[in-house]
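Structure record follows, encoded as structure tokens.
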Amino acid sequence: MSIRTIRKIGISTGGGDAPGLNAVIRAIVLSALQHGWETVGIRDGFNGLLTPEDYPDGGVITLNAKSVAGITHLGGTIIGTTNRGDPTRFPVIQSDGTVLEVDRSDELIQRFTEAGIDALITLGGDGSLAIGAHLAAKGLRVIGVPKTIDNDLDKTFMTFGFDTAVSFATECLDRLHTTATSHRRIMVVEVMGRYAGWIALHAGVAGNADVILIPEVPYDIEKVAEVIRARERTGRLYTIVVVAEGAKPAGGAVSVLGKTMGQAEKLGGIGEKVAHELQERTGRESRTVVLGHLLRGGSPTSFDRLVALRFGAAAVRALDEGLSSVMVSLDPPTVRYEPLREAIRRMKTVPLDCDTMESARDLGISFGD
Ligand code: F6P
């Protein structure tokens, strides 16, 4: 498809929301207007196109300068999102009540054509970007924008949403320090991050945690208990432990809350497990705080806003340059483009030899290993 044929671009936001999505949407709409292109928002991932009957407005909404005014600082996404709408594995309820996963991607491409949408900008994590790559392979012009608070996407220095999540978690740790000291307790703080420990590591170091447990370093609970006992011998009768939801004991498994069809396994529960085991082993009272979805809400930090606005503008420039099947990527001090297929090849986990890990150890922080 020639770049001259672009008249209308569609935006989709998929997977878990992240602070900065609205800033990207605004930047896309305003940049597209500079080219004389119309922008529409597809509701709830691709559901607005796949099940338009579910939406009073038809599932696809026109976005203009007025509809994106004043949204840069707002969390969430004004067009909605879902982690149940993968068009390649779309859940369809059968007459007997069972659910069958159906590939509706050809139909989706057809719906794009019918709606007059010439190109798609998909904002999402690995799942949404994989869908984008799939649609691009079928001929749709697609640009990906990397989004996730987990920061686990490869081929970009950082995803937007991560800085906001880390800032909020750090503030929570500051608050928990005072109550932990006052009550001489162990406070175990569970944070999101899926199978990567980025949020736990960054917030844990910035928020002065004593122990950080991340998926990349399977922990030994006895080693953590020993850290607490050692602190007590020097008069520090409280301990702050940050645990990533995907952390697991050496030789053990991640804690899973459940799995729904068409969705990834739901991680959670490790914080309570760790707190319980530490109380048993040390005799010190412990409490668990699960930050969970609080990390996904709120106003994006100025860092995330700026990255999001730059990503949105760069995504439109990519279309203008005739690119497709690429992801906008942050490569300080600039942004560039990476093939979508490369970006989703592997998950970006914390390198064990990175300087943040090294610095944490230099500061005396334990990883329970
Ligand atoms: O991908 C972001 C994330 O926040 C993960 O850290 C977490 O495991 C997951 O989403 C939870 O998503 P939900 O509760 O929306 O299914």
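The values are calculated or read from the model by the stated rules, or taken from the named source; none is laboratory data. Please read all numbers here as calculations on a predicted model, not as lab measurements. Ideal geometry is used to build each Cβ from the backbone, glycine not excepted, and the neighbour counts take in all protein chains shown. Areas reflect the complete protein model, heavy atoms only, side chains present, ligands, DNA and RNA absent. Shrake-Rupley method; radii C 1.70, N 1.55, O 1.52, S 1.80 Å.
In summary, the lysines within cross-link reach of Lys273, defined as a Cα separation below 25 angstrom excluding same-chain residues under 8 places away, comprise Lys223, Lys248, Lys259. Applying both filters, DSSP loop and at most 14 other Cβ atoms within 10 Å, to the trypsin sites (Lys or Arg not before Pro) of the stretch 315-353 gives Arg345, Arg346. Of the complete DSSP H runs in the chain, those spanning 24 angstrom or more by Cα along the long axis with a mean Kyte-Doolittle score not below -0.5 are 162-183, 302-320. A helix-only calculation puts the chain at -10500 deg cm²/dmol for mean residue ellipticity at 222 nm, using -39500 (n - 2.57) for each DSSP H run of at least four residues, averaged over all residues. The Rg/Rh ratio for the chain is 1.03, where Rg is the radius of gyration of the alpha carbons and Rh is the Kirkwood radius. Give me the percent relative contact order of the stretch 251-338, please, defined on Cα pairs under 8 angstrom at least 6 residues apart. Contact order relative to length: 13 percent. Relative contact order for the chain: 22 percent, from Cα pairs under 8 Å spaced at least 6 residues apart, divided by residue count. In the stretch 79-141, the convex hull through the Cα atoms has an average projected area of 5.0 nm², a quarter of its surface area. Roughly how many percent of the accessible protein surface of the stretch 212-304 is carbon and sulfur, given a 1.4 Å probe and a whole-percent answer? The nonpolar share, carbon plus sulfur, comes to 53 percent.
Pairs of Cα atoms nearer than 8 Å and 6+ residues apart set the relative contact order; for the stretch 33-100 it is 30 percent.
Magnitude of the charge dipole for the chain, about its Cα centre and with charges confined to Cβ atoms of Lys, Arg (+1) and Asp, Glu (-1), is about 500 debye. Nonpolar atom fraction for the stretch 1-105, defined as the carbon and sulfur part of the 1.4 Å probe accessible area, stands at 51 percent. Applying both filters, DSSP loop and at most 13 other Cβ atoms within 10 Å, to the trypsin sites (Lys or Arg not before Pro) of the stretch 107-158 gives Lys138.
In terms of Cα atoms, the Rg and Dmax of the stretch 254-335 work out to 20.8, 64 Å.
Per q in 0.10, 0.11, 0.12 Å⁻¹, report the Debye log10 I(q)/I(0) for the stretch 215-369, using one uniform scatterer on each alpha carbon and no solvent. Normalising to I(0) and taking log10 leaves -0.57, -0.67, -0.77. The charge dipole of the stretch 256-307, taken about its Cα centre with unit charges on the Cβ of Lys, Arg, Asp and Glu (plus for the first two, minus for the last two), comes to roughly 100 debye. Rolling a 1.4 Å probe over the protein heavy atoms gives the chain an accessible area of 42 Å² per residue. Between the amide H of Ile186 and those of Thr239, Glu285, Ser286, Arg287, distances stay under 5 Å, these residues lying 5 or more places away or on another chain, with hydrogens modeled in the peptide plane.
Excluding same-chain neighbours fewer than eight residues apart, the lysines reachable from Lys8 by a Cα-Cα span under 22 Å are Lys66, Lys138.
Within the listed set Thr234, Thr179, Thr148, the Gaussian network model of the chain (springs between alpha-carbon atoms below 10 Å) gives the highest mean-square fluctuation for Thr234.
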